[in-house]
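I have placed the structure first, in the form of structure tokens, so that the comments after it can refer back to it.
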Amino acid sequence: MEHEGRSAAWPGVIEAYRRYLPVDASTPVVTMNEGRTPLIAAPRLAEVVFGEGRVPRLYLKFEGLNPTGSFKDRGMTMAVSKAVEAGAKGVVCASTGNTSASAAAYAARAGLACLVIIPKGAVASGKLAQALIYGARVLAVEGNFDVALDLVRGLVARHPEITLVNSINPYRLEGQKTAAFEVCDQLGRAPDYLAIPVGNAGNISAYWQGFKEYAAAGQGGAKRPAAGAWPLMLGFQAEGAAPFIAGSFVDKPKTLATAIRIGHPASWDRARRAVNESGGRFTAITDDEIVIAYRLLARLEGVFVEPASAAPVAGLAKLTRDGYFAERGVGPETAVVCVLTGNGLKDPNRARRVSVAPEVVPADLDLVEDRAFGREAGS
Ligand SMILES: *Cc1c(COP(=O)(O)O)cnc(C)c1O
């Protein structure tokens with residue numbers, strides 16, 4: 001364990017896990033002290049998700065508390081540091097929103113230009129606001145994320161002086177694997193199951209790499225030699241954007257969870273390997289199930305995430321209904337970690353749309369009391 005407890009001097013993921021990363025003394029570290037996000041025990045949510053039987057311990061790795069509000073910061077500190085080291089003039093990415101927010105912030109900090117290509121009308125308002133205020137040049141194209149990523153690949157082929165910082169940039173996944181290290185450090189061992197949403201499939205690949213590297217280094221597995229040193233990887237996709245469940249690419253992905261509205265995942269082989277090698281599985285859930293999980297997370301645990309991040313919670317409930325965990329004999333000694341990838345404030349419109357709007361009441365004590373405690377009080 002590199003850093004015990006919550007140190008005020010947490011230096012960000014590159015310094016914390018330097019010996020596992022492709023950096024050396026001459027790499028200029030561009031950091032906003034990302035990482036060290038909390039691993040939150042969620043017993044109330046666990047009761048609802050896993051039912052009345054033998055309920056495992058459920059933990060939420062809240063990646064929405066990174067500097068720009070998503071796990072993308074772990075990869076971006078690496079990608080931008082290496083871009084600066086290589087003498088890049090700027091960075092470019094295609095984005096469903098969070099990559100652009102993170103790229104724009106780290107580029108600003110490094111004094112690099114940032115260009116972002118987004119699918120028009122398909123990025124949550126908070127994320128777009130971030131890219132703009134951090135000073136990125138934002139171009140919205142007619143087409144989905146997969147189209148935007150193709151355009152970005154074309155741009156960097158013509159302009160080698162700018163660095164592509166999507167997750168096909170290998171340094172992104174190197175940075176993102178540190179989340180697996182943290183989970184092991186915080187839990188004192190590797191979890192039994194890791195539940196995670198899957199879009200472009202970089203993150204599930206990065207976690208798997210992280211668990212394997214940490215085990216190889218003698219970390220994260222010491223307390224459960226019989227069970228192995230890594231978790232089963234459970235990847236979740238929305239039904240309308242579920243290429244891994246279909247077994248082939250999807251041309252018109254549809255889901256309200258915009259961060260995972262991706263039909264041609266770039267890390268296809270790596271993600272399939274992660275799931276197969278670990279003995280896990282991919283599972284699809286509906287948008288309705290995602291919304292139910294989204295509200296439950298907030299109401300039962302006080303954790304507000306964006307819709308894509310609720311997908312694994314919805315997925316754990318679905319696997320429970322299907323008898324998946326009962327078959328495997330999970331119980332209170334089982335640790336399930338659910339990765340909550342992004343902050344709820346990224347997509348405030350969605351939260352309002354699935355909630356009861358505030359009632360307008362005259363500023364009168366009797367009327368306010370009536371509305372608050374009377375028959376007409378809202379749910
Ligand atoms: C990027 C992102 C995902 C998907 O991660 P991939 O690495 O593309 O699979 C999921 N949730 C949120 C909030 C994201 O920003």
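The values are calculated or read from the model by the stated rules, or taken from the named source; none is laboratory data. Keep in mind it's a predicted model, so treat the numbers as computed, not measured. Quick reminder, even Gly has a Cβ in these numbers, built from the backbone with ideal geometry, and neighbours come from all protein chains shown. Side chains included, ligands, DNA and RNA excluded: accessible areas come from the protein's heavy atoms. Shrake-Rupley method; radii C 1.70, N 1.55, O 1.52, S 1.80 Å.
A compact table of results
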quantity	calculated
Protein accessible area in the chain, 1.4 Å probe - carbon and sulfur %	53
Under the Debye formula (equal points on every Cα, no solvent term), log10 I(q)/I(0) of segment 1-108 at q = 0.24 Å⁻¹	-1.28
The chain - mean residue ellipticity at 222 nm from DSSP helices (-39,500 (n - 2.57) per run, n ≥ 4, rounded to 500)	-12000 deg cm²/dmol
For the chain: Kirkwood Rh in Å [reciprocal of mean 1/r, alpha carbons]	21.2
Segment 137-215 - accessible surface per residue (Å², probe 1.4 Å)	32
Check: segment 1-146 dipole with +1 on Lys, Arg Cβ and -1 on Asp, Glu Cβ, in debye	100
Top positive-direction residue, dipole computed over segment 259-379 with Cβ charges, set ASN349, GLY374, PHE325	PHE325
Sequence-distant residues sharing a close amide H with VAL141 (under 5 Å, placed H)	ILE118, LYS120
Pairwise label distance in nanometres, MET32 with ARG153, each label 7 Å out on the Cα-Cβ vector	2.9
Calculated FRET efficiency for the pair ALA25/ARG352, C-beta based, R₀ 45 Å, to 0.05	0.40
HN-Hα J in Hz across segment 51-56 - Karplus 6.51, -1.76, 1.60, θ = phi - 60°, x for Gly and Pro	x, 8, x, 7, 8, x
By average C-beta atoms within 10 angstrom, highest first, the peptides 337-349, 151-163	337-349, 151-163
Given charges at beta-carbon only (K, R positive; D, E negative), |dipole| of segment 225-284 in Debye	80
Signed unit charges on C-beta, dipole axis of the chain, positive-most listed residue SER278, PHE50, ASN98	SER278
Cβ charges +1 (Lys, Arg) and -1 (Asp, Glu), total dipole of the chain, debye	760
Potential extension, ARG371-GLU277 segment - 0.36 nm per residue separation minus Cα distance	28.2 nm
